[in-house]
């Protein structure tokens with residue numbers, strides 16, 4: 001929700017998630033029954049793959065760090081289906097943004113989905129932000145994967 005509302009992923013939240021994942025691995029209680037190797041490969045894959053998009057200025061650093069922490073939790077095998085589902089959700093967000101730019105029918109929905117950036121003096125800016133909260137969509141994709149995808153992948 002933080003990424004969805006603020007369009008940023010705070011470091012403390014990512015570090016807390018990564019620390020909990022490492023603690024769960026250390027005591028052998030990872031809920032996804034993965035080992036250290038899969039977890040570390042997942043963290044490296046999540047970070048490394050999305051780092052390409054960050055360098056190209058297509059993604060924020062918080063999304064990259066979140067993907068690394070997510071990889072610690074779910075391991076490398078689960079990242080691909082989670083990325084696919086998250087990318088479909090993010091693409092739908094982008095298409096909805098394009099639709100609302102052309103036909104602004106639901107301004108309240110538009111404010112909810114795309115926010116209204118603030119100026120430095122605290123007043124709303126006229127220009128809307130275009131950032132897609134990818135970490136939020138990765139979270140939703142992980143929930144989908146947890147309840148449906150684990151049995152099918």
**Complete:** Within segment 75-104, of all residues that are under 14 Å from the mean Cα position of the chain (by Cα) and within 27 Å of residue 26 (Cβ to Cβ), the one surrounded by the fewest Cβ atoms within 10 Å (Cβ to Cβ) is 80
**Request:** Scan segment 101-114 and give yes if some residue there is modelled with pLDDT of 85 or more and either assigned to a helix (DSSP H, G or I) or touching a strand residue (DSSP E or B) at 6+ places or on another chain (Cβ under 7 Å) (or both), otherwise no.
**Result:** no
**Request:** May I ask you to verify whether residue 18 is outside any loop (DSSP other than H, G, I, E, B) and within 16 Å of residue 138 (Cα to Cα)?
**Result:** yes
**Asked** All but one of (1) within 25 Å of residue 6 (Cβ to Cβ); (2) outside any helix (DSSP H, G or I); (3) over 13 Å from the mean Cα position of the chain (by Cα) hold for residue 52; which doesn't?
**Response** (2)
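The values are calculated or read from the model by the stated rules, or taken from the named source; none is laboratory data. Please read all numbers here as calculations on a predicted model, not as lab measurements. Because the Cβ atoms are built from the backbone with ideal geometry, glycine has one as well, and the counts that use them run over all protein chains shown.
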